[in-house]
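J.: Below is one structure. I have some questions about it.
The values are calculated or read from the model by the stated rules, or taken from the named source; none is laboratory data. The model shown is predicted, which means the values in this text are computed figures rather than measured ones. Here Cβ is always computed from backbone atoms with ideal geometry, including for glycine, and neighbour counts include all displayed protein chains. All accessible areas refer to the heavy atoms of the entire protein, side chains included, with ligands and DNA or RNA removed. Shrake-Rupley method; radii C 1.70, N 1.55, O 1.52, S 1.80 Å.
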Amino acid sequence: SLLQLVYPYDFRLTEKEKTSICYLSFPDSYSGGLGDTQFSFRLRQSGGQRTTHYEDDGEYNREAPLTLQRESAHYFGYVYFRQVKDSSMKRGYFQKSLVLVSRLPYVNLFQSLLQLIAPEYFDKLEPCLEAVCNEIDQWPPPVPGQTLNLPVMGVVIQVRIPSRVDKPGSSPVKQFNQENLLPAPLVLPSIHELDLFRCFQPVLIHIQMLWELMLLGEPIVVMAPSPTVSSEMVLALTSCLAPLRYCCDYRPYFTIHDSEFKEYTTRTQAPPNIVVGVTNPFFIKTLQHWPHILRVGELRLSGDLPKQVKVKKLAKLKTLDTKPGIYTSYKTFLHKDKTLIKRLLKGIQRKRPSEVQSALLRRHLLELTQSFIIPLEHYIASLMPLQRAITPWKNPPQVRPFRQEDFMKTLEHAGPQLTCVLKGDWLGLYRRFFKSPNFDGWYRQRHKEMTQKLEALHLEAICEANIVAWMKDKSEVEIVDLVLKLREKLVRARCQHLPVKEETLQRVGLYIETIIGSLPEDLQAVLHHH
């Protein structure tokens, strides 16, 4: 496979990235199917950080949900692949892919965009891409909470960019402001949410187990008949912890040519915390030492409940012709939830549309995650120092350490049983969760937010204080020290975008000027120069 064209021309990729993108843009096991397919991949950036077009990454990432952050070390690839009969080609068919590369996980937006562009591109080639890129260059940057109208090729795509303050589980606002757009816009109900019901069809009765495996950051291989099925299943799995962020690595589609192939297939160390989607049967051999392997067939929505895969022992994986199933020896901590399956079955009997079933499924997973996380949120909130411990002339107090045993004690009267009917070994699940990258990521994020909140409260306390009274019995050294400390605080507040009112920052700035003004002139000059 050959990289024929990169647009815009100034987009720099390393040779390693170009090679990986080439391999990831084509199915790596022959499927006789002709026609068009779409799938996604995720690629580790190679060779140092590069500056992005958007220097406001920080601003976007502060307002976007944690699950939709712009990635700094990975690219997403969105692929539109075409295979048609062509007797002039040596193989007897022609294969081409159009790939959109982005740092944003907006799978629905970018795949919808490719559905518009790719058929035109295969027909008219480069001039078409140039025109499209010129249109996309005019698009506004994504601002969380805003609804954007994005014109391309005579169509206007309308999407809302989710925001961190959205209530989890609330569906996006349906009635968009149509502004009498003509032609009527192509409205995408969500920028990133997949049809979960369709993706999870063959494993609906095992949703609970899959949720636990994802929560614990376990290594999982998804073996699928095509990159479309593998990438949808992997993305569906990584989305099922929302609003908790899945902090491990994941590859919606992975080939034997990948630069990480050796790293993932080595037997000298335990498999990494990653979900990887593959289609090449060769992987059954190279990854059979992984603890959890999910083998799925083609996804087809039929009128009744699709055949559900069985949980099987890993030893059964030997043959090349591996039957669909979840190959694992994992025992779930929680008991199965029969009500969800009953509801979904009822939906199938009543011929409910797939998006209604998906909403049910998403709501179920959200409630499960929230039941698990709420006790953790309560406990971590109790580690915040009392507001009265924050005094203007001392460094702000620190967040108290997270002690797992103390947390476990809170579960008796304030555990998940308050919001969740599921019985099982919740304590065992928490203990195992503490060892996972997902706990680490959640804890760091919360700790950072709390530390910033303390910094902000400290600045407010300084604002309320009587500086003149404090200065009365202080030496010049102490006063100069205070000026330097306050300055550093101001700089930090602005750099880290602490949650502080602008007027507070301005008042602290005035304080600094006042204090400097009370010092001898030679010192004033030094401090102004500093």
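J.: Right, Leu427: open to solvent by less than 40 Å² (accessible area, probe 1.4 Å) and either under 30 Å from Tyr250 (Cβ atoms) or not assigned by the TED database to the domain that holds Lys338 (or both) or not?
T.: Spelling it out, it is not the case that Leu427 is open to solvent by less than 40 Å² (accessible area, probe 1.4 Å) and either under 30 Å from Tyr250 (Cβ atoms) or not assigned by the TED database to the domain that holds Lys338 (or both).
J.: Next question. Here are some residues: Pro375, Pro392, Pro397, Pro385. Which one is touching a Ser or Thr at 6+ places or on another chain (Cβ under 7 Å) and surrounded by 13 or more Cβ atoms within 10 Å (Cβ to Cβ)?
T.: From the options Pro375, Pro392, Pro397, Pro385, the qualifying one is Pro375.
J.: Hey, another quick one. Of everything in the stretch 214-227, what is in a loop (DSSP other than H, G, I, E, B) and crowded, with 24+ Cβ neighbours inside 10 Å? Give them in sequence order.
T.: Gly217, Ala224
J.: So Ala73 clears everything in (1) among the small types (Gly, Ala, Ser); (2) touching a residue at least 24 places away in the same chain (Cβ under 8 Å); (3) open to solvent by 60 Å² or more (accessible area, probe 1.4 Å) except one condition, right? Which one?
T.: (3)
J.: Tell me which of these Tyr78 doesn't satisfy, since it passes every other one: (1) outside any strand (DSSP E or B); (2) under 25 Å from Val234 (Cα atoms); (3) not small (Gly, Ala, Ser).
T.: The single condition Tyr78 does not satisfy is (1).
J.: Looking at Thr14, Thr19 in this structure, which one is at pLDDT 70 or above, farther than 22 Å from Ser230 by Cβ and more than 24 Å from the chain's Cα centre (by Cα)? Quick ask: steps written out before the conclusion?
T.: Values: Thr19 fails: farther than 22 Å from Ser230 by Cβ.
Of Thr14, Thr19, the one residue that is at pLDDT 70 or above, farther than 22 Å from Ser230 by Cβ and more than 24 Å from the chain's Cα centre (by Cα) is Thr14.
J.: Quick one: in the stretch 509-527, of everything that is among the polar types (S, T, N, Q) and in contact (Cβ under 8 Å) with a residue 12 or more places away in the chain, which residue is farthest from Lys489 (Cα to Cα)? Break it down into steps so the answer makes sense when it comes.
T.: Looking only at the stretch 509-527, we keep the residues that are among the polar types (S, T, N, Q), and these are 514, 518, 524.
Checking the rest, the ones that are also in contact (Cβ under 8 Å) with a residue 12 or more places away in the chain come to 514, 518.
Details: Thr514: 17, Ser518: 21 Å.
Looking at the filtered set, the residue picked out is Ser518.
J.: When you go through (1) free of Cβ contacts under 8 Å to residues at least 40 places away in the same chain; (2) crowded, with 16+ Cβ neighbours inside 10 Å one by one for Phe402, which number turns out not to apply?
T.: Only one criterion is unmet by Phe402, namely (1).
J.: Is it the case that the stretch 128-141 has a residue that's open to solvent by 50 Å² or more (accessible area, probe 1.4 Å), at pLDDT 90 or above, assigned to a loop (DSSP other than H, G, I, E, B) and in contact with an Asp or Glu (Cβ under 9 Å, 6 or more places away or on another chain)?
T.: Taking every residue of the stretch 128-141 in turn, at least one turns out to be open to solvent by 50 Å² or more (accessible area, probe 1.4 Å), at pLDDT 90 or above, assigned to a loop (DSSP other than H, G, I, E, B) and in contact with an Asp or Glu (Cβ under 9 Å, 6 or more places away or on another chain).
Conditions tested, residue by residue: (1) in contact with a Ser or Thr (Cβ under 9 Å, 6 or more places away or on another chain); (2) surrounded by 12 or more Cβ atoms within 10 Å (Cβ to Cβ).
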position: Leu418; (1), (2): yes, no
position: Ala456; (1), (2): yes, yes
position: Cys463; (1), (2): yes, yes
position: Pro520; (1), (2): no, no
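J.: Does the stretch 105-127 contain any residue that is within 16 Å of the chain's Cα centre (by Cα), under 27 Å from Pro227 (Cα atoms) and outside any helix (DSSP H, G or I)?
T.: yes
J.: Let me ask another. Tell me which residues, restricted to the stretch 513-530, are farther than 15 Å from Glu478 by Cβ and either over 46 Å from the mean Cα position of the chain (by Cα) or at pLDDT 85 or above (or both).
T.: Glu513, Thr514, Gly517, Glu521, Asp522, Gln524, Ala525, Val526, listed by residue number.
J.: While we're here: Going residue by residue through the stretch 355-371, is there one that turns out to be open to solvent by less than 20 Å² (accessible area, probe 1.4 Å) and in contact with a Ser or Thr (Cβ under 7 Å, 6 or more places away or on another chain)?
T.: Within the stretch 355-371 (the criterion being open to solvent by less than 20 Å² (accessible area, probe 1.4 Å) and in contact with a Ser or Thr (Cβ under 7 Å, 6 or more places away or on another chain)), the answer is yes, since at least one residue qualifies.
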